[in-house]
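The values are calculated or read from the model by the stated rules, or taken from the named source; none is laboratory data. Owing to the predicted nature of the structure, the values given are computational and were not obtained by experimental measurement. Every residue, glycine among them, receives a Cβ derived from its backbone with ideal geometry; neighbour counts consider all protein chains shown.
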Amino acid sequence: MASRPTSPPGLGGAIPRFSWPVSLALLVILGLTGWSAYGVGFDLVELLSGGGAVERFVSEMFPPDLSAATLRATGVGILETFQMSFLGALIGAIVAFPLAALGTREAPTVGMSSVERLLAAIPYHVARFVLNVFRSVPDILWALVFVVALGLGPFPGMLALAVHSAGVLGKLYSETLETVPSRPVEALRATGATELQAFLFGRLPQAMSGFASLTLYQWECNIRSATILGFVGAGGIGQQILISMNLFDYPKVATLVGATIVVVLLVDRFSAAVRRRLMS
Amino acid sequence: MGQRLVLDGVGVRFGDAAALEGVTLSVKPGEKLAVIGASGAGKSTLFRTLTRSVALGSGSVTVGGRNLYALSWRELGATRRRVGTIHQAYNLVPELSAGMNAALGEVGGLGRLATLRTLLLGPDAGLSRRVEGALQQVGLGERVRARTADLSGGQQQRVAVARLLVQRPGLILADEPFAAVDPVTAERVMAALLDLNREGATLLVNLHDVAAARTFPRIVALREGRIAFDGEPKDLTDEMLAGIYEGDEKRVQHEEEKLGSRRREPMRVAEGRDGVSAH
């Protein structure tokens, strides 16, 4: 009899389909799923039996309220939301830009002493820290902060969007700056350009179309966020939706929500088309 | 105008691998020489030591009588401004216009205010005239405003030459400038480099084409980071060449392709092997 392989054929044969780490990861995911479902009281029966209430809510929305007063309120809300999101993205971009420039890691210059390296790292870490704080606090929390500080209205909402946008854009900008081809930048430095000049003429032009695309996308996200910010009193159409909800004026809610969806879809399409052109 | 170069026992390491070892070389002002060697022999690294773009492991590099690696930032900037580089991959900024890229040859000499002015409004009248003249000289006079990314490879290499003409450097480092361009452009680029050399600039050219290297009065050959030959082309025998390119299969392939057809193939060097893409 020919000699057999030393190990007995196990599950899946000689070449295991799943390695130990993968199997372990699957187990962990399964465990987390069960634990989380228990924690939130996941109940399909409740979901399906809740249908009646949803049906009542939806049927009360129809026909939507298309009276002149409601349409005017919707228009004002939409415009306010639009203005908040636009200014938020623009101010966010303006704040993000210098922070991103500082938060971009340049290839260490040859012949730098360790003290110089350390000093050069300080602005980088400060900028990254500020951007992280801006970004990791959700815009709705920023809105709460500004509403408490400045009172109700669209202005604190716009500020919240601006701060959050600055954090998101700053991070994405600096990633764009870092992934730009570095050879043209090196070539500039090798012919005596200063760090600032190499950045302005070498790195920045290569990142600009990426910046524009990211900013448009952030504006898109801001429109969506701005509809929510009204729930904490920070202006926009969300505030109207909340008020109508509290008054059980569901036909008006239907008009407001419908208009919101249309505007979000329109801005989405517009920004996607512009971004496609930027990228080509 | 030309600059004297002295390399004394230069060694450069990338991690464990030695890219250059004990390289000693002296180049007179206004001299022109060709550097040859297999891929990964250290040709590009040698050039990068001349602009202090790579850390030096041992030895010293002297450019124009000054120890390059002991200069302050300001002095290094001033020294680099006199060094012009031209590469196989052009290394232009694709989003800027051809004219702006050519003008960047001068950017190191601009003060802070002039830098901002140039960024927002473009080069001033004097620089613009020189840029136009330089682009005319390389046959791209009417493409000043063209986006560099829209130009062909050969045209981009000519823009890179125009950048040199604007810069008027005392030392020119041409790193495989003909590897990715058509023969007509190659000739044109070569003529422009030789013109600058005749006007006094020291000229160092990395070449993959030994026949082209033989037209230079002096050839330096690198093999595995060391100088394998330094002298006139007539002293470079075929046996020496075989030793210099020994084990470089790409080279053999390249030669075979050339025997089959005279078309120039752009040379592709594996990432990191040429010492430039390793950073």
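Only one entry of A:Arg72, A:Arg105 meets the criterion of being exposed (fewer than 13 other Cβ atoms within 10 Å of the Cβ) and touching a Phe, Trp or Tyr at 6+ places or on another chain (Cβ under 8 Å), and that entry is A:Arg105.
In the set (1) in a strand (DSSP E or B); (2) away from chain A (no Cβ under 14 Å); (3) out of contact with any Gly (no Cβ under 6 Å at 6 or more places or on another chain), the condition left unmet by B:Ala18 is number (3). Entry remark, segment B:90-100: residues being buried (at least 20 other Cβ atoms within 10 Å of the Cβ) and either facing another protein chain (nearest Cβ under 7 Å) or farther than 23 Å from B:Ala125 by Cβ (or both) number 5 in total. Can you find a residue that is part of a helix (DSSP H, G or I) and within 14 Å of another protein chain (Cβ to nearest Cβ) anywhere in segment A:118-132? Checked segment A:118-132: at least one residue is part of a helix (DSSP H, G or I) and within 14 Å of another protein chain (Cβ to nearest Cβ).
Scanning segment B:184-228 for residues that are farther than 30 Å from B:Ser58 by Cα and either in a strand (DSSP E or B) or hydrophobic (A, V, I, L, M, F, W, C) (or both) yields B:Val184, B:Ala186, B:Val189, B:Met190, B:Ala191, B:Ala192, B:Leu193, B:Leu194, B:Leu196, B:Ala211, B:Ala212.
Is it the case, given these coordinates, that B:Leu140 is crowded, with 21+ Cβ neighbours inside 10 Å, away from chain A (no Cβ under 13 Å), modelled with pLDDT of 90 or more and under 29 Å from B:Ala180 (Cα atoms)? No: the conditions fail for B:Leu140. The helices (runs of 4 or more DSSP H) found wholly in segment A:1-96 and carrying at least 1 residues that are at pLDDT below 80 occupy A:44-49, A:51-61. B:Pro123 satisfies every condition listed in (1) away from chain A (no Cβ under 12 Å); (2) surrounded by 19 or more Cβ atoms within 10 Å (Cβ to Cβ); (3) more than 21 Å from the chain's Cα centre (by Cα) except (1).
Across segment B:149-205, the number of residues qualifying as of a type in the set (Ser, Thr, Tyr) and at pLDDT 90 or above comes to 1. Restricting A:Leu44, A:Leu48, A:Leu102, A:Leu87 to residues that are under 29 Å from the mean Cα position of the chain (by Cα) and free of Cβ contacts under 8 Å to residues at least 40 places away in the same chain narrows the list to A:Leu102.
Of the residues making up segment A:223-280, those that are among the charged types (D, E, K, R) and more than 30 Å from A:Gly210 (Cβ to Cβ) are A:Asp249, A:Lys252. The residues on offer are B:Gly126, B:Gly108, B:Gly133, B:Gly99, and the sole one that is modelled with pLDDT under 85 and not hydroxyl-bearing (Ser, Thr, Tyr) is B:Gly108. Applying the condition of being farther than 17 Å from B:Ala103 by Cβ and in contact with a His (Cβ under 8 Å, 6 or more places away or on another chain) to segment A:181-215 and asking which residue is nearest to the other protein chains (Cβ to nearest Cβ) yields A:Arg183.
Are any of the residues in segment B:144-154 crowded, with 19+ Cβ neighbours inside 10 Å, within 11 Å of chain A (Cβ to nearest Cβ) and not in a loop (DSSP other than H, G, I, E, B)? Yes: segment B:144-154 contains one or more residues that are crowded, with 19+ Cβ neighbours inside 10 Å, within 11 Å of chain A (Cβ to nearest Cβ) and not in a loop (DSSP other than H, G, I, E, B).
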